[in-house]
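Here's the structure, in structure tokens; my notes come after.
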Amino acid sequence: MPRDLESERATLEGMEPLSKESAISASPPEDPQPLYRLPTYMIEDRFKKMKDLHPYCQLLSQEDLDDCDWLEHAAFDASEAASRDKLEYRLHACGELCSGIYTSAYSTDSAPLGALLHTRTFPSADSHDSDRKRVLLGHAIASKHSASVVTDSAMEYPKDWRTNYQLSPTSSDGKEIGHNELGDTVCLHSLAIHPDFQRKGLGSVLLKGWTQRVRDAGVAERIALLCRERFVGFYEKAGFKKLGESQCGYAGGGWVDMVMEFGDAGGDDEL
């Protein structure tokens with residue numbers, strides 16, 4: 001990360017605090033403003049590959065379901081991507097734990113943004129300029145659970161949540177399932193960057209800002225995630241520790257458990 005934690009905090013000060021009210025509002029502003037923009041010096045000094053994107057971050061909500069569903073299935077294999085129903089549940093139940101990294105562009109802009117804008121209908125970035133579209137480049141989607149690592153039950157969701165919503169849902173056999181508002185572990189289910197924009201540093205920027213924000217909010221004792229072995233080094237650089245093979249059988253298993261304990265010193269500021 002091309003700045004120290006003090007600079008990171010200064011950037012994140014503009015974001016509203018984590019709260020249920022901020023995530024599940026009746027409707028978003030007509031012309032939402034970014035919660036924080038990535039500083040120009042940061043992009044020019046360390047992330048020249050993203051300088052033309054002018055990325056910014058916002059919290060996610062149910063209003064972003066179409067974009068998140070599109071991005072999730074563009075970034076992951078079908079067997080690993082979260083279903084639309086699961087994404088909708090997470091954005092509703094714990095949108096305050098979910099962030100997106102965006103840019104805006106016109107369809108006449110140069111590739112790859114210009115070409116991408118012709119592949120689907122994107123929402124307008126400006127209520128006064130419908131031709132300028134808002135493009136979700138990446139997202140971090142999470143929930144809370146009582147276990148210290150990501151489990152199969154944490155990966156699931158209650159199918160009756162629309163008619164029987166609970167802050168701490170349980171399955172028919174009494175096991176915790178889905179988002180537990182009282183849990184002390186934030187489970188990062190999806191860190192996704194659109195394939196057209198990978199290897200530009202966007203994943204590192206999104207992850208570092210998101211983990212710092214969760215840490216500063218004091219809503220949990222740790223962040224846990226599952227990853228494939230080839231991504232262990234990436235997450236270790238961000239401050240996560242490898243615990244070993246996960247017992248979670250999601251998408252056929254073969255995952256590695258990784259955890260960031262907030263009592264630890266933290267990760268590499270040069271991510």
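The values are calculated or read from the model by the stated rules, or taken from the named source; none is laboratory data. Keep in mind the model is a prediction, meaning the values are calculated, not measured. Here Cβ is always computed from backbone atoms with ideal geometry, including for glycine, and neighbour counts include all displayed protein chains.
Within the range 136-155, the set of residues being of a type in the set (A, V, I, L, M) and crowded, with 20+ Cβ neighbours inside 10 Å comprises Leu136, Leu137, Ala140, Ile141, Ala142, Val149, Val150, Ala154, Met155. With among the small types (Gly, Ala, Ser), over 15 Å from the mean Cα position of the chain (by Cα) and buried (at least 16 other Cβ atoms within 10 Å of the Cβ) as the only criterion, which of Ala82, Ala125, Ala115 stands out? Of the residues listed, the single one that is among the small types (Gly, Ala, Ser), over 15 Å from the mean Cα position of the chain (by Cα) and buried (at least 16 other Cβ atoms within 10 Å of the Cβ) is Ala125.
When Gln212 is tested against (1) more than 17 Å from the chain's Cα centre (by Cα); (2) not in a strand (DSSP E or B), exactly one condition is not met: (1). The residue that is farthest from Phe231 (Cα to Cα), among those in the range 174-199 that are of a type in the set (A, V, I, L, M) and in a loop (DSSP other than H, G, I, E, B), is Leu182. Where helices (runs of 4 or more DSSP H) fall entirely within the range 84-173, those with at least 2 residues that are over 15 Å from Cys68 (Cα atoms) and modelled with pLDDT of 90 or more are at 152-155. Residues being modelled with pLDDT under 95 and touching a Phe, Trp or Tyr at 6+ places or on another chain (Cβ under 9 Å) are entirely absent from the range 230-243.
Condition test on Lys133, is it touching a residue at least 24 places away in the same chain (Cβ under 8 Å), buried (at least 20 other Cβ atoms within 10 Å of the Cβ) and farther than 30 Å from Ile223 by Cβ?
Numbers: touching a residue at least 24 places away in the same chain (Cβ under 8 Å): yes; buried (at least 20 other Cβ atoms within 10 Å of the Cβ): yes; farther than 30 Å from Ile223 by Cβ: yes.
Yes; evaluated as a whole, the condition is true for this residue.
Just to be sure before I move on: is Asp69 charged (D, E, K, R) and in a helix (DSSP H, G or I) in the structure I sent? In short, yes. In the range 128-142, which residue that is farther than 17 Å from His194 by Cβ and among the small types (Gly, Ala, Ser) is farthest from the chain's Cα centre (by Cα)? This residue is Ser130. Scanning the range 62-74 for residues that are of a type outside the set (D, E, K, R), without any contact (Cβ under 8 Å) to a residue 60 or more places away in the chain and out of contact with any Asp or Glu (no Cβ under 9 Å at 6 or more places or on another chain) yields a single hit, His73. Kindly indicate the residue of the range 91-102 that is buried (at least 20 other Cβ atoms within 10 Å of the Cβ) and in contact with a Phe, Trp or Tyr (Cβ under 8 Å, 6 or more places away or on another chain) and also farthest from Asp196 (Cα to Cα) among those meeting that condition. That would be Ala93. Only one of the listed residues (Glu181, Glu176) is within 24 Å of Ser246 (Cα to Cα) and out of contact with any Leu (no Cβ under 9 Å at 6 or more places or on another chain). That residue is Glu176.
I'd like to know if the range 245-267 contains one or more residues that are under 24 Å from Gln58 (Cα atoms), in a loop (DSSP other than H, G, I, E, B) and at pLDDT below 95. Yes, there is a match, as at least one residue in the range 245-267 is under 24 Å from Gln58 (Cα atoms), in a loop (DSSP other than H, G, I, E, B) and at pLDDT below 95.
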